[in-house]
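> Attaching a single structure in structure tokens format; questions to follow.
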Amino acid sequence: MREAAALLAQARRVVVFTGAGISAESGVPTFRDALTGLWRSFDARRLATPDAFRDDPALVWGWYEWRRATAGRARPNAGHVAVAAIEARVPHAVVVTQNVDDLHERAGSVAPIHLHGSLSAPRCSACARPAPLPAEPPLPDATSLSAEAPPLSGGATLRAEPPLPSGTPDEHGDGRRVAPPRCAHCAGPVRPGVVWFGEALPSAALEAAVEAASACDLLLTVGTSGLVYPAAEIPRVAARFGALVVQVNPEETPLDAVADVNLRGPAAQVLPALVRAAWGAADPA
Ligand code: BJW
Ligand code: ZN
């Protein structure tokens with residue numbers, strides 16, 4: 001910790017690269033954690049691919065509305081706040097996140113780069129125009145399952161459905177079929193503004209992230225398994241261009257091989273301690 005803090009305090013250009021683990025302590029589930037990860041309960045092929053949306057738009061839209069409700073009710077944790085504190089203290093700092101929640105922004109980070117899009121930026125699946133965000137959906141519960149459930153604003157409706165195959169959301173609080181709103185321009189189905197498997201990352205975001213990684217002198221990678229590409233290249237690009245890489249994660253990851261320092265532990269504990277050790281501030285905010 002002392003070594004990482006000294007490196008951070010001296011660095012002039014820092015990239016903080018984050019994944020789902022930084023939001024775990026806010027109650028937003030990760031994807032691949034052994035017991036709690038989303039992909040342990042849900043089948044990514046049925047929910048996080050363009051084919052899945054084409055096959056069953058209401059299933060996919062409903063699941064993402066549940067995710068948006070969960071993220072909307074979450075609060076930034078001490079890890080997000082510490083990231084914003086790093087940004088405030090380092091001359092040039094860039095936050096690059098794979099997360100689709102807005103917890104970095106809500107903790108005070110300025111314009112984090114979202115490599116995998118956002119739950120808050122739906123767009124038309126046909127013409128790609130941005131679509132208005134429906135009112136935040138209520139977290140589903142058994143009582144809202146009735147066929148008489150009132151329509152949601154934004155054109156979406158809740159409907160009770162027959163039982164679903166395993167690996168898909170069910171009626172017990174993790175989403176259900178909700179018909180997506182229609183595009184005001186072409187009437188195409190509106191889709192979540194996230195990047196699914198097999199889709200290209202937003203090119204401006206990816207270019208900005210690669211540029212920041214290749215110019216930084218320290219990259220802090222936090223709460224990512226480092227398994228999903230091309231995002232997982234970002235710490236590797238930094239290392240290739242000579243930056244020091246510090247990793248914060250309670251578990252081993254493939255990025256251990258790239259990291260000069262591995263800080264094993266949860267982000268909401270390790271990051272505030274790192275900020276205190278680097279700058280001596282008791283309160284990173
Ligand atoms: C804590 C903690 C705490 C816990 N504190 N830490 C074979 C080889 C290489 C690549 C491929 C391949 N086959 C297919 C591919 C490509 C594919 C890919 O990489 N697949 C791999 C899984 C193998 N990539 C793509 O498809 C990408 N697109 C692409 O390649 O396009 C090519 C193309 C070019 C041009 C035209 C067209 C196409 C797109 C990838 C999109 C990923 N999308 C998702 C879903 C986003 C929407 C949604 O939210 O639903 O993004 S998948 C999911 O994984 C999500 C995440 O951003 C991403 C990364 O996950 P992350 O954040 O690392 O989370 P976890 O759960 O994996 O890890 C959490 C970590 O936190 C763990 O390490 C814990 O220990 C730790 N942790 N608690 C700190 N408290
Ligand atoms: Zn449209």
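> Run down Ala5, Ala93 and say which single residue is open to solvent by 20 Å² or more (accessible area, probe 1.4 Å), at pLDDT 95 or above, away from ligand 1 (no atom under 15 Å from the Cβ) and not aromatic (Phe, Trp, Tyr).
Ala93
> I want to confirm something. Restricting to segment 96-132 and keeping residues that are more than 16 Å from ligand 1 (Cβ to nearest atom) and of a type in the set (A, V, I, L, M), which single residue is most open to solvent (accessible area, probe 1.4 Å)?
Val110
> Moving to a separate point now. Could you tell me whether segment 233-242 includes any residue that is in contact (Cβ under 8 Å) with a residue 40 or more places away in the chain, at negative phi and surrounded by fewer than 22 Cβ atoms within 10 Å (Cβ to Cβ)?
no
> Is there a residue in segment 257-265 that is closer than 27 Å to His92 by Cα, of a type in the set (S, T, N, Q), within 11 Å of ligand 1 (Cβ to nearest atom) and assigned to a strand (DSSP E or B)?
no
> Using beta carbons and a limit of 6 Å, which pairs, at least six apart or on different chains, have the first residue in segment 180-199 and open to solvent by less than 20 Å² (accessible area, probe 1.4 Å) and assigned to a loop (DSSP other than H, G, I, E, B) and the second one within 6 Å of ligand 1 (Cβ to nearest atom) and not hydroxyl-bearing (Ser, Thr, Tyr)?
As it stands, the answer is Trp196/Ala48, since those pairs meet every condition given.
> Out of the residues in segment 40-59 that are open to solvent by less than 10 Å² (accessible area, probe 1.4 Å) and within 19 Å of Asn99 (Cβ to Cβ), state the one that is nearest to the chain's Cα centre (by Cα).
Ala48
> For Asp43, work out the one condition from (1) within 16 Å of ligand 1 (Cβ to nearest atom); (2) under 23 Å from Arg191 (Cα atoms); (3) at pLDDT 95 or above it doesn't fulfil.
Every condition holds for Asp43 apart from (3).
The values are calculated or read from the model by the stated rules, or taken from the named source; none is laboratory data. Here the structure is a predicted model, which is why all the values come from computation and not from measurement. Positions of Cβ are generated from backbone atoms using ideal geometry, with glycine treated the same way; all protein chains shown enter the neighbour counts. Surface accessibility is based on the protein's heavy atoms, side chains included, excluding ligands, DNA and RNA. Shrake-Rupley method; radii C 1.70, N 1.55, O 1.52, S 1.80 Å.
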